[in-house]
Amino acid sequence: MDILRRNTDYSLQAMVHLTQCYGVKMVSAKDIAIEQDISYQLTCKLLQKLHKAKLVESVMGPKGGFKLSKKPGQISLLDIIEVIQGPVRLNRCLLGANMCPKQVNCVISSKLTVLQEHIVSYLSDIALNDLLPSRGTNKGKRKNLKRKTK
């Protein structure tokens, strides 16, 4: 079982690539596809989703391309994951109170809920700038990444 789907992994790679170019240049979908070894069509599709979610901006024309819409320290891995594949959930019963009639008294559900909260917290605390080689350590440079659990 993959918690992160293939398209999500590709999106994370594309966003790291945009992070490496942040403040320097716009990057074409073609360049991202080539550099990250992702098909061009899939790269375009993923960038459209990221654009719709306002995580990237696009500019048309010969000097156009894509760039992050926010500073790399303001975009978490969880933000990207949720745009591409929706909420990260270990089990269907964690999707909501009405998904399983046994959830109220279920010892498994209560333990999975704790793990779920750890995963969401961990992913929301990793910003794109943490993935760059020179900034790979967590030194408290990120601000406002903590998310409220639903």
Condition test on Lys63, is it assigned to a loop (DSSP other than H, G, I, E, B) and touching a strand residue (DSSP E or B) at 6+ places or on another chain (Cβ under 8 Å)? no
Answer yes if at least one residue in the range 17-38 is closer than 21 Å to Pro87 by Cα and either among the aliphatic types (A, V, I, L, M) or out of contact with any His (no Cβ under 8 Å at 6 or more places or on another chain) (or both), and no otherwise. no
Search result, residues across the range 1-41 that are assigned to a helix (DSSP H, G or I), touching a residue at least 24 places away in the same chain (Cβ under 8 Å) and within 19 Å of Asp79 (Cα to Cα): Asn7, Thr8, Tyr10, Ser11, Leu12, Gln13, Ala14, Met15, Val16, Leu18, Thr19, Gln20
Does Val88 satisfy being touching a residue at least 12 places away in the same chain (Cβ under 8 Å) and in a loop (DSSP other than H, G, I, E, B)? yes
Within the range 1-16, which residues are of a type outside the set (Lys, Arg) and under 14 Å from Gln85 (Cα atoms)? Asp2, Ile3, Leu4, Asn7, Thr8, Asp9, Tyr10, Ser11, Leu12
Search result, residues across the range 39-64 that are in contact with a Ser or Thr (Cβ under 8 Å, 6 or more places away or on another chain) and modelled with pLDDT under 95: Gly64
Residues satisfying the stated conditions in the range 7-36, i.e. modelled with pLDDT of 95 or more, of a type in the set (D, E, K, R) and exposed (fewer than 13 other Cβ atoms within 10 Å of the Cβ): Lys30
Need pairs with beta-carbon distance below 8 Å; first residue at pLDDT below 95 and surrounded by fewer than 20 Cβ atoms within 10 Å (Cβ to Cβ) and within the range 66-78, second among the hydrophobic types (A, V, I, L, M, F, W, C) and in a loop (DSSP other than H, G, I, E, B); sequence gap 6+ or separate chains. none
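The values are calculated or read from the model by the stated rules, or taken from the named source; none is laboratory data. Note that the coordinates shown come from a computational prediction; the quantities given were computed from them, not determined experimentally. Counting neighbours? That spans all protein chains shown, and the Cβs are built from the backbone with ideal geometry, glycine included.
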